[in-house]
Ligand code: SF4
Ligand code: SF4
């Protein structure tokens with residue numbers, strides 16, 4: 001049978017964001033795939049290097065609309081790491097609570113999207129109806145449903161009141177109940193099983209070789225989780241275990257299972273935090289003007305990692321006694337999960353393209369930060385060019401230190 | 001066996017719709033006359049410390065310009081008013097509602113209001129400029 005190329009994207013109804021896949025197909029079977037990214041490059045890091053660290057917090061929130069706490073969290077940790085700021089204990093707990101609320105709503109959002117991608121829209125509405133509660137909770141704690149604006153270098157900007165805590169524990173009770181329905185549907189419904197079991201398989205070997213992160217790698221049986229590997233914030237005080245299926249097949253069903261169990265885990269973490277939250281300050285330096293002055297005298301490099309709902313999110317910052325950071329680099333989890341798509345798509349059917357691409361919970365705009373446009377020409381860089389660029393950059397960074 | 005989803009679907013048929021209807025008394029002026037004839041949905045209150053449109057107390061401002069330094073979206077401009085005093089001018093259409101300027105202001109002359117419907121035909125309209 002002859003081979004055809006099937007381009008899907010950059011703008012396609014099955015994807016929420018612009019990305020292009022070029023599938024080599026033989027009949028209905030996908031033989032190989034070429035992934036083309038870079039349609040959504042926004043130059044956020046460059047814009048950030050022209051702003052001071054406090055302004056970058058809000059810019060980093062806008063890297064992703066769903067991980068709008070993970071990015072500022074990682075960024076703040078990077079700056080705190082560079083300057084050596086001690087975050088108060090209470091702020092650690094509040095950060096953990098909001099990070100877990102974010103995971104809760106992100107995984108529920110994903111569950112809805114996944115159901116939609118297999119054409120099961122009633123499940124989408126069932127899940128998203130339940131997701132509203134956590135958005136409302138986020139609004140009442142932070143002041144906004146999506147861009148929380150609650151992170152600050154050295155702590156958090158808003159404290160949890162007694163009333164918030166009560167609302168939170170009520171909401172967690174609500175989720176403990178309603179999750180049963182969602183789990184019931186996702187794990188027992190025949191339609192979902194038929195469309196997810198044995199499809200989009202990522203073997204443990206591939207997952208390790210391609211450095212997948214987040215639920216994508218855990219569903220393949222690799223217990224990788226920053227919250228466990230390098231505990232930070234309040235995670236160090238509790239016993240968090242990476243969620244790995246007992247008999248991991250690495251298919252989409254396992255990824256569904258992983259995320260649903262992680263939602264339960266988030267509820268437990270939030271409950272733990274609510275019971276053990278210490279009293280005290282929420283900010284290391286309350287005067288933002290003074291904080292900015294201190295940061296503009298600081299020197300050093302720092303790295304911040306956080307287990308975002310989609311996987312590990314890393315930020316790197318270099319400060320060199322200037323008001324604005326010398327370098328800011330953000331790596332969104334989707335960046336690592338792009339290459340694992342290749343083995344997932346191999347030998348899949350065309351009809352499974354939407355659900356396989358959605359199964360890593362992609363966030364293309366977050367990952368897109370590598371297009372090179374020189375003299376108005378887009379250039380594709382090969383490995384040697386990239387290596388050269390990397391050496392140049394290391395030299396540039398060394399010079400500033 | 002009954003598919004699990006069917007259970008929830010039938011249950012949903014006998015419950016009230018979950019969707020919040022658009023709070024009609026918040027619609028812009030030109031359509032409210034039309035909507036007034038219809039049924040008005042009571043507004044769903046926003047959260048207590050919701051960060052909506054900003055408000056600015058011109059007289060209280062001491063012109064320290066700390067807010068300009070922290071604003072991530074370049075919303076705030078330094079101006080001098082009629083009496084030659086240092087004041088600010090805000091372009092609310094650019095605002096991201098982070099509330100950082102409110103936190104940093106030493107005399108607390110900036111506040112956030114629960115107002116969130118800011119769509120307008122003119123980005124520089126009076127409603128979207130604070131001074
Ligand atoms: S709320 Fe944020 S974006 Fe808006 S004016 Fe204040 S600092 Fe600037
Ligand atoms: S921080 Fe407050 S007092 Fe200072 S210029 Fe801004 S609005 Fe005026």
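Suppose the filter is surrounded by fewer than 22 Cβ atoms within 10 Å (Cβ to Cβ) and either assigned to a helix (DSSP H, G or I) or within 14 Å of chain B (Cβ to nearest Cβ) (or both); does residue A:40 pass it? So residue A:40 does not fit the description; no. Residues of the range A:191-205 include at least one that is facing chain B (nearest Cβ under 10 Å), under 30 Å from residue A:248 (Cα atoms) and at pLDDT below 90. Looking across the range A:123-146, the residues that are within 13 Å of residue A:110 (Cα to Cα), more than 8 Å from chain B (Cβ to nearest Cβ) and in contact (Cβ under 8 Å) with a residue 24 or more places away in the chain come down to A:127, A:130, A:131. Of all residues in the range B:63-76, which are out of contact with any strand residue (DSSP E or B) (no Cβ under 8 Å at 6 or more places or on another chain) and either more than 7 Å from ligand 2 (Cβ to nearest atom) or away from chain A (no Cβ under 13 Å) (or both)? Those that are out of contact with any strand residue (DSSP E or B) (no Cβ under 8 Å at 6 or more places or on another chain) and either more than 7 Å from ligand 2 (Cβ to nearest atom) or away from chain A (no Cβ under 13 Å) (or both): B:69, B:70, B:71, B:72, B:73, B:74. Scanning the range B:14-26 for residues that are farther than 19 Å from residue A:132 by Cα and modelled with pLDDT of 80 or more returns a single hit, B:14. Scanning the range B:60-72 for residues that are away from ligand 1 (no atom under 12 Å from the Cβ) and touching a residue at least 40 places away in the same chain (Cβ under 8 Å) yields B:60, B:61, B:62, B:64. Selection of the range B:77-111 for residues being within 14 Å of chain A (Cβ to nearest Cβ), more than 12 Å from ligand 2 (Cβ to nearest atom) and assigned to a loop (DSSP other than H, G, I, E, B) yields B:95, B:96, B:97, B:98, B:99. Quick check, is residue B:123 loosely packed, with under 13 Cβ neighbours inside 10 Å, over 26 Å from residue A:287 (Cβ atoms) and within 15 Å of ligand 1 (Cβ to nearest atom)? Judged against the criteria, residue B:123 is a match. In this structure, residue B:122 qualifies as touching a helix residue (DSSP H, G or I) at 6+ places or on another chain (Cβ under 9 Å) and either modelled with pLDDT under 90 or assigned to a loop (DSSP other than H, G, I, E, B) (or both). Could you tell me which residue of the range A:209-227 is farthest from the other protein chains (Cβ to nearest Cβ), considering only residues that are out of contact with any helix residue (DSSP H, G or I) (no Cβ under 8 Å at 6 or more places or on another chain) and touching a residue at least 12 places away in the same chain (Cβ under 8 Å)? Filtering first and then ranking leaves A:223. For the range B:81-94, the count of residues that are under 12 Å from the mean Cα position of the chain (by Cα) and surrounded by 14 or more Cβ atoms within 10 Å (Cβ to Cβ) is nonzero.
Scanning the range B:93-120 for residues that are within 11 Å of ligand 1 (Cβ to nearest atom) and more than 18 Å from residue A:143 (Cα to Cα) gives B:93, B:94, B:105. Looking at the range B:42-57, can you tell me whether even one residue there is at pLDDT 90 or above, within 18 Å of residue B:110 (Cβ to Cβ), away from ligand 1 (no atom under 16 Å from the Cβ) and not in a helix (DSSP H, G or I)? The answer is no, given that none of the residues of the range B:42-57 is at pLDDT 90 or above, within 18 Å of residue B:110 (Cβ to Cβ), away from ligand 1 (no atom under 16 Å from the Cβ) and not in a helix (DSSP H, G or I). Listed by first and then second residue, the pairs linking a residue in the range B:78-100 that is touching a residue at least 60 places away in the same chain (Cβ under 8 Å) to a residue that is within 13 Å of ligand 1 (Cβ to nearest atom), with Cβ atoms under 6 Å apart and 6 or more places separating them unless they lie on different chains, form an empty list.
The values are calculated or read from the model by the stated rules, or taken from the named source; none is laboratory data. If you're wondering where the values come from, they're calculated on a predicted model, not measured in any experiment. Here Cβ is always computed from backbone atoms with ideal geometry, including for glycine, and neighbour counts include all displayed protein chains.
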